[in-house]
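Peer 1: My questions all concern the structure below.
The values are calculated or read from the model by the stated rules, or taken from the named source; none is laboratory data. Computed from a predicted structure; not experimentally measured. All Cβ positions, even for glycine, are placed from backbone atoms using ideal geometry, and neighbour counts span all protein chains on display.
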There are 2 protein chains.
Amino acid sequence: MRKAVVLLSGGLDSATVLAIARREGFACYALSIDYGQRHRVELKAAACVARALGAVEQKTISIDLAAFGGSALTDHNIALPTQGVRKDEIPVTYVPARNTILLALALAWAEVLPAQDLFFGANAVDYSGYPDCRPEYMRAFENLANLATKAAVEGRKLTLHTPIIGLGKGQIIEQGVKLGVDYGLTVSCYQADADARACGVCDSCRLRRAGFEAAGIADPTRYV
Amino acid sequence: MRKAVVLLSGGLDSATVLAIARREGFACYALSIDYGQRHRVELKAAACVARALGAVEQKTISIDLAAFGGSALTDHNIALPTQGVRKDEIPVTYVPARNTILLALALAWAEVLPAQDLFFGANAVDYSGYPDCRPEYMRAFENLANLATKAAVEGRKLTLHTPIIGLGKGQIIEQGVKLGVDYGLTVSCYQADADARACGVCDSCRLRRAGFEAAGIADPTRYV
């Protein structure tokens with residue numbers, strides 16, 4: 001069985017991607033990152049999701065991106081947006097270089113396992129302003145990865161899978177439901193409370209709720 | 001004064017690069033990473049070097065790459081090599097994806113500062129087998145960085161400087177001495193003791209010692 005590293009935040013998108021990787025027959029190694037995000041409670045959700053969807057192993061790695069700041073997700077002095085995501089600007093929830101850091105860590109684990117496949121739940125539709133969610137960024141990372149490692153030099157090429165990058169939230173949910181994802185285990189809210197209940201008003205909650213409506217599926221989210 | 005992020009390990013190469021960046025007129029922000037390396041004492045050296053060479057600020061970020069293992073530098077069960085670096089193989093001191101992780105973190109800080117210049121003391125001569133020390137890897141990272149960030153999207157392009165990538169150890173030392181680097185502050189040894197004294201037998205010590213000989217400069221290293 002081929003191994004894959006799956007970046008798993010504990011949110012809706014990455015849970016779906018884990019289910020897709022499993023359906024494709026991969027033995028999945030779920031990697032979660034405690035980077036100083038406000039919604040650290042998502043990491044507990046990640047552990048539950050990894051178990052529910054049959055990951056072989058889950059690791060959580062800590063790195064304090066709050067030391068750099070520059071994002072509403074890591075700096076409590078920057079207010080969380082609740083007015084909807086605009087198409088023409090990069091939201092304050094963008095975390096500088098986060099996806100590059102996440103992918104670099106996934107690459108490290110993949111090389112050691114070894115695994116030649118990375119799965120990443122980036123989405124270019126919901127947050128169209130995030131530079132590191134675009135398909136051209138993903139291609140550039142895959143290119144880098146195939147120069148970066150001993151494995152690649154020895155001919156074991158790495159593939160970066162981004163199976164939901166072009167899907168709307170409703171389509172993601174439809175696909176996940178077919179694959180048996182229990183979205184009640186996932187946390188999307190940027191300010192979920194310690195019991196993982198969602199605020200219902202932040203942009204992430206709004207997108208998620210609209211996704212369930214679009215899919216015509218009952219929203220299992222627990223709101224405060 | 002333009003700002004630059006300089007990756008500073010506490011070793012000889014990165015100290016030289018910090019001196020080069022200062023000479024080029026940059027206000028330097030030194031970034032050191034505690035990644036679970038055996039020779040963590042190099043981090044104390046990094047703090048001294050940053051001060052001696054006039055960095056504006058130094059940050060140390062922790063990330064436990066020993067959680068992945070796969071290298072003699074992070075796994076104490078893998079013996080350190082002492083027989084010299086061979087040109088035709090990748091040494092066991094290679095740390096999977098380390099340079100990608102280091103550069104990703106430097107990119108994060110650069111974006112927040114903001115800075116458009118990164119300096120990295122990679123060297124393609126001494127450790128010719130390290131895949132992530134090659135010029136083509138550096139170009140791929142720069143390409144990625146210029147797709148990854150909000151800054152790049154807004155037109156503030158990032159430049160990755162690798163001023164010693166093609167130099168031999170002796171040439172690096174000659175250049176550093178001209179710029180006033182006190183190599184007595186730096187630590188290269190993979191198993192330096194708590195007092196930062198070098199073993200004198202590991203491959204890193206051997207390369208360093210040969211560098212001082214090649215440059216015809218007295219070796220200031222304190223050996224056990």
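Peer 1: For a quick check of your reading of the model, give me the residue pairs whose first member lies in region B:108-135 and is in contact (Cβ under 8 Å) with a residue 60 or more places away in the chain, whose second is of a type in the set (D, E, K, R) and assigned to a loop (DSSP other than H, G, I, E, B), with beta-carbon atoms closer than 8 Å and at least 6 apart or on different chains.
Peer 2: These pairs meet every condition: B:114/B:156; B:115/B:2; B:116/B:2; B:116/B:156; B:116/B:157; B:117/B:2.
Peer 1: A further question on this structure: Quick check: anything in region B:144-154 at pLDDT 95 or above and more than 9 Å from chain A (Cβ to nearest Cβ)? First the steps, then the outcome.
Peer 2: Looking only at region B:144-154, we keep the residues that are at pLDDT 95 or above, and these are B:144-148.
Checking which are more than 9 Å from chain A (Cβ to nearest Cβ) leaves us with none.
For region B:144-154, residues at pLDDT 95 or above and more than 9 Å from chain A (Cβ to nearest Cβ): absent.
Peer 1: Continuing with the same structure: Please indicate, with yes or no, whether at least one residue in region B:153-160 is aliphatic (A, V, I, L, M) and within 20 Å of residue B:100 (Cβ to Cβ).
Peer 2: Here is the first cut: in region B:153-160, the ones aliphatic (A, V, I, L, M) are B:153, B:158, B:160.
Remaining after also requiring within 20 Å of residue B:100 (Cβ to Cβ): B:158, B:160.
Within region B:153-160, one or more residues are aliphatic (A, V, I, L, M) and within 20 Å of residue B:100 (Cβ to Cβ).
Peer 1: Tell me whether region B:8-16 contains one or more residues that are touching a strand residue (DSSP E or B) at 6+ places or on another chain (Cβ under 8 Å) and either among the polar types (S, T, N, Q) or farther than 18 Å from residue B:179 by Cβ (or both). If you could, list the steps in order and put the result at the bottom.
Peer 2: Let us first name the residues in region B:8-16 that are touching a strand residue (DSSP E or B) at 6+ places or on another chain (Cβ under 8 Å), namely B:8-10, B:14.
Checking which are either among the polar types (S, T, N, Q) or farther than 18 Å from residue B:179 by Cβ (or both) leaves us with B:9, B:14.
Yes, region B:8-16 contains a residue that is touching a strand residue (DSSP E or B) at 6+ places or on another chain (Cβ under 8 Å) and either among the polar types (S, T, N, Q) or farther than 18 Å from residue B:179 by Cβ (or both).
Peer 1: Out of region A:180-210, which residues are touching a Lys or Arg at 6+ places or on another chain (Cβ under 6 Å) and closer than 21 Å to residue A:53 by Cα?
Peer 2: A:188
Peer 1: Look at region A:135-164 and say how many of its residues are buried (at least 20 other Cβ atoms within 10 Å of the Cβ), touching a Leu at 6+ places or on another chain (Cβ under 7 Å) and more than 16 Å from residue A:110 (Cα to Cα).
Peer 2: Counting residues in region A:135-164 that are buried (at least 20 other Cβ atoms within 10 Å of the Cβ), touching a Leu at 6+ places or on another chain (Cβ under 7 Å) and more than 16 Å from residue A:110 (Cα to Cα) gives 3.
Peer 1: Here's something else I'd like to know. Given the structure, is residue A:106 modelled with pLDDT of 95 or more, within 26 Å of residue A:20 (Cα to Cα) and small (Gly, Ala, Ser)?
Peer 2: Answer is yes for this residue.
Peer 1: Could you check region B:43-96 and list, in sequence order, the residues that are at positive phi and surrounded by 15 or more Cβ atoms within 10 Å (Cβ to Cβ)?
Peer 2: Applying the first criterion (at positive phi) to region B:43-96 yields B:54, B:69-70, B:84.
If the condition is that a residue be at positive phi and surrounded by 15 or more Cβ atoms within 10 Å (Cβ to Cβ), then B:69, B:70 are the ones that fit.
Peer 1: OK, next. Would you pick out the residues in region A:30-39 that are in contact (Cβ under 8 Å) with a residue 60 or more places away in the chain and either buried (at least 24 other Cβ atoms within 10 Å of the Cβ) or under 18 Å from residue B:63 (Cβ atoms) (or both)? So that I can check it myself, show each step before the final result.
Peer 2: We begin by selecting, within region A:30-39, every residue in contact (Cβ under 8 Å) with a residue 60 or more places away in the chain; these are A:31, A:33, A:35, A:38-39.
Within region A:30-39, A:31, A:33, A:35, A:39 qualify.
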